[in-house]
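Only one structure is covered here, and it is reproduced in the block below.
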Amino acid sequence: MRSARQYRQEILAALQKDLKEELDFIDDMASEHPKSYQIWHHRQIIIERLNDPSKEISFIDKMLALDSKNYHAWSYRQWVVSTYNLWDDEIPDIDRLIVEDIRNNSAWNQRFFVMSRRPQGFGEDDIVKEVSYILQKIRLAPNNESPWNYLRGILEFAGKPFDEFPQIEDVCRSFEAKAMIVPHALNFLLELNAQQVQAGQGERVAECEKISKQLEEHDPVRKLYWRHRLEQVKAFRN
Amino acid sequence: MSDGKARDRSNDILYFKRHLELLPDHYTSTDTNRMTLAYFGISALDLLGVLEEETSGEERSGWVEWVYAQQVHPNEGREVATQKQCGFRGAPYAGAVFDSTNSKVCNPYDTGHLAMTYTALAILIILGDDLSRVNREAIVSSMKDLQQADGSFVPCPGSSESDMRFLFCACAISYMLNDWSGVDRERALEFVRKSESYEHAFGQQPDQEAHGGSTYCAIAALTLLSALPTALQNQDKTVAWLLNRQRKGFHGRPDKPDDTCYAFWVGASLKMLDAYQFVDTQALREFLETTRTKYGGYGKVPEAYPDLLHSYMGLSGLALQDDTKREGGSRALYGPLGISERALGWLREGTIYWRKV
């Protein structure tokens with residue numbers, strides 16, 4: 001309950017209670033109610049008053065071990081990392097979480113947060129390294145949506161079109177050679193071909209039709225959407 | 001309608017009616033949100049098209065009185081414009097005495113709450129009240145104090161939760177009361193824009209992971225602010241992310257399991273972006289059949305017991321479908337406010353802040 005939490009903050013201050021003991025209390029409460037907004041906000045206020053984040057990352061890791069996609073835990077983690085300047089250790093920790101579960105989209109989001117917000121910025125070397133990291137993860141689990149979304153996002157953030165990295169197209173085509181159907185890869189190829197149609201290469205429509213057919217067949221829940229995408233491509237040509 | 005469908009429908013009706021009569025004890029810990037639970041039940045009967053025939057006039061006017069008894073009025077002797085605590089509370093849990101005409105704060109923690117104000121207004125509109133006892137000036141002036149420097153809202157004075165949920169509530173309240181003076185619209189828009197993630201859907205706050213629930217709140221707020229599609233970076237990409245949330249049913253983030261409630265959050269977002277026609281509604285209905293329970297209502301996932309939130313959201317998800325695809329007798333949903341199209345008509349024609357004099 002919100003008001004009980006506010007009242008607790010007030011009496012903790014008035015009675016000058018040991019806030020470290022309060023953290024132990026929160027540890028217990030958080031394990032029982034990991035999705036309570038109030039507990040996480042309560043913890044944030046206590047840490048601000050103590051001005052000591054030394055135990056926070058290990059506390060959050062403990063909570064993420066229970067549920068690696070806990071929204072409150074990740075939100076709190078962003079606050080801790082940016083408030084106390086803990087950027088340097090964050091990438092290795094995220095790597096570990098992605099290795100544990102390559103489909104953990106929350107960890108991918110945290111990776112984007114660090115790359116886009118850390119004080120040292122994001123340069124030419126960084127985007128090259130990121131693309132190769134992402135493609136390696138895509139090869140491991142091609143139907144995993146997270147790295148595909150992250151790939152688009154980080155290229156956009158860096159202001160790079162994806163044809164600047166031909167290795168992306170190579171990876172997309174490599175599945176075909178292995179007779180693997182990967183809708184995310186086909187979607188990329190569709191987009192690439194659509195851009196070429198838009199740039200005046202009308203003959204590319206045939207390729208778009210072929211890809212679109214495969215998508216309709218292998219991603220049938222979005223069949224109407226793939227048809228719509230093809231219509232959009234054809235409209236470019238006209 | 002087949003026998004099976006008619007049975008499901010009458011089970012659903014009974015499920016919501018039972019909860020409006022007596023809440024099971026496991027809702028005790030959510031008593032601070034009782035207004036929201038009442039909204040789920042009452043709006044559900046409206047969407048099922050049976051509110052008038054399945055409930056008595058006495059029950060409906062009793063609910064209206066109960067809702068008004070949760071309205072926190074200005075303290076006497078102070079300018080309304082200086083009030084910060086007004087709006088509706090979720091229930092009299094802090095000890096407020098029943099008073100449907102002039103209820104005051106009963107202790108410093110007893111205040112209005114944006115989500116409760118939003119659902120209270122929704123209930124009043126659904127029940128055909130003309131909002132003449134709603135203290136608009138007090139609500140709007142309290143709301144100004146809840147908006148944060150970044151444009152988001154906290155739900156009540158002294159709270160530290162501020163995110164897309166309460167920004168949406170503030171927009172819904174402003175729309176229903178036809179008065180936007182409690183919201184700095186530019187700052188609100190800025191907050192929504194900054195919360196669009198690299199996936200082109202929305203998190204609860206800037207930098208947070210895109211999520212079906214916060215994406216609904218963002219897109220509904222943008223609709224109410226008349227800022228679609230201009231406030232989106234790339235509408236096609238937002239639509240693509242939303243459509244990717246369908247496996248059979250919908251889920252809220254990549255690789256999360258399908259969950260009944262996203263039939264509404266994601267479905268309504270697609271509808272507001274004119275892209276609902278791409279949804280595989282057959283697959284969605286099949287998924288919802290697996291979470292619909294023999295007790296009436298819906299669970300979160302297959303085999304789960306029903307609860308009010310998921311029951312209401314499952315029903316709302318189906319109410320987004322075209323007239324020809326909805327179950328017989330049910331009413332269409334207006335996504336941005338979470339009330340039926342019928343109730344929206346009453347808001348615009350029958351309530352005092354909308355009615356032309």
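Quick notes on this structure:
- Database remark: amide H of B:Tyr334 closer than 5 angstrom to the amide H of B:Ile339, B:Ser340, B:Glu341 (H placed geometrically; neighbours at sequence offset of 5 or more, or on other chains; Pro and chain starts carry no H).
- Contact order for chain B, expressed relative to its length and based on alpha carbon pairs under 8 Å spaced 6+ residues apart, stands at 16 percent.
- With coordinates expressed along the principal axes, the C-alpha atoms belonging to region B:206-339 extend over 44, 33, 24 Å, beginning with the largest.
- Relative frequency of Cα-Cα separations exceeding 17 Å in region B:151-215, percent: 40 percent
- Extreme residue, positive dipole direction of chain B, given options B:Gln235, B:Leu127, B:His200 (C-beta unit charges): B:Gln235
- Averaged over the residues of peptide B:312-325, the number of Cβ atoms from other protein chains lying within 10 Å of each residue's Cβ is 0.
- The phi-based Karplus calculation (6.51 cos²θ - 1.76 cosθ + 1.60; θ = phi - 60°) puts the 3J(HN,Hα) values of region A:152-165 at 4, x, 6, 5, 4, 4, 7, x, 10, x, 6, 6, 6, 10 Hz, whole numbers, x for Gly and Pro.
- With contacts taken as Cα pairs under 8 Å and at least 6 residues apart, region A:144-219 reaches a relative contact order of 23 percent.
- When the convex hull of its Cα atoms is projected in every direction, mean area for region A:1-151 (nm²): 9.6 nm²
- Note that region B:1-83, at 25 °C in a medium of 0.890 mPa s, gets a Stokes-Einstein diffusion coefficient of 163 µm²/s from its Kirkwood radius over C-alpha pairs.
- Summary of packing: across the peptides A:11-23, A:94-106, the per-residue average of other C-beta atoms within 10 Å ranks them, highest first, as A:94-106, A:11-23.
- Taking every alpha-carbon pair under 8 Å whose residues sit at least 6 apart, chain A reaches a relative contact order of 10 percent.
- Isotropic mean projected area of the C-alpha convex hull, region B:262-302 (nm²): 3.0 nm²
- Members of A:Lys69/B:Lys256; B:Lys256/B:Lys300; A:Lys234/B:Lys248 lying beyond 21 Å, as alpha-carbon distances in this model show: A:Lys234/B:Lys248
- Distance from the C-alpha centroid of region A:75-97 to that of region B:206-247: 26 Å, rounded to the whole angstrom.
- Sorted on the mean count of surrounding Cβ atoms within 10 Å across their residues, most packed first, peptides A:141-151, B:96-106 read A:141-151, B:96-106.
- Using every pair of distinct Cα positions in region A:1-86, the Kirkwood expression returns a hydrodynamic radius of 13.2 angstrom.
- Using the Karplus relation 6.51 cos²θ - 1.76 cosθ + 1.60 with θ = phi - 60°, the per-residue 3J(HN,Hα) values for region B:34-47 come to 4, 4, 5, 5, 5, 4, 4, x, 6, 5, 4, 5, 5, 5 Hz, with x marking Gly and Pro.
- Kirkwood-Stokes translational diffusion coefficient of chain B, alpha-carbon pairs, 37 °C, 0.692 mPa s, µm²/s: 159 µm²/s
- In region A:92-238, one over the average inverse separation of all distinct C-alpha pairs is 16.4 Å, which is the Kirkwood hydrodynamic radius.
- Among A:Val221, A:Val131, A:Val171, the largest mean-square fluctuation in a Gaussian network model of chain A (Cα springs under 10 Å) belongs to A:Val221.
- Whole-Å distance, taken between Cα centres, linking region B:166-204 and region B:7-74: 28 Å
- Largest-first principal axis extents, alpha carbons of the protein assembly as shown, Å: 74, 65, 46
- Counting only other chain Cβ atoms within 10 Å of each residue's Cβ, the peptide A:96-106 averages 2.
- The helix-only estimate of mean residue ellipticity at 222 nm for chain A, built from DSSP H runs of length n ≥ 4 each weighted as -39500 (n - 2.57), is -24000 deg cm²/dmol after division by the residue total.
- Share of Cα-Cα pairs in region B:267-357 lying beyond 16 Å, as whole percent: 61 percent
- 5 angstrom amide H check on B:Phe250, placed H, neighbours 5+ away: B:Asp259, B:Ala263
- When chain B is treated as a Gaussian network with alpha carbon springs shorter than 10 Å, the biggest mean-square fluctuation among B:Pro257, B:Pro306, B:Pro108 belongs to B:Pro108.
- Shielding of B:196-203 by partner chains, average beta-carbon count, 10 Å: 5
- Pair-distance distribution P(r) for region B:125-263, from all Cα-Cα distances in 5 Å bins starting at 0: 2, 10, 19, 20, 17, 14, 10, 6, 2, 0 percent.
- C-alpha center-to-center spacing [region B:262-310, region A:132-147] in angstrom: 30 Å
Bear in mind that the values in this text are calculations on the coordinates, not laboratory data. Since the structure is predicted, the reported quantities are computational estimates derived from the model, not experimental observations. Positions of Cβ are backbone-derived with ideal geometry, glycine not excepted, and every protein chain shown enters the neighbour counts.
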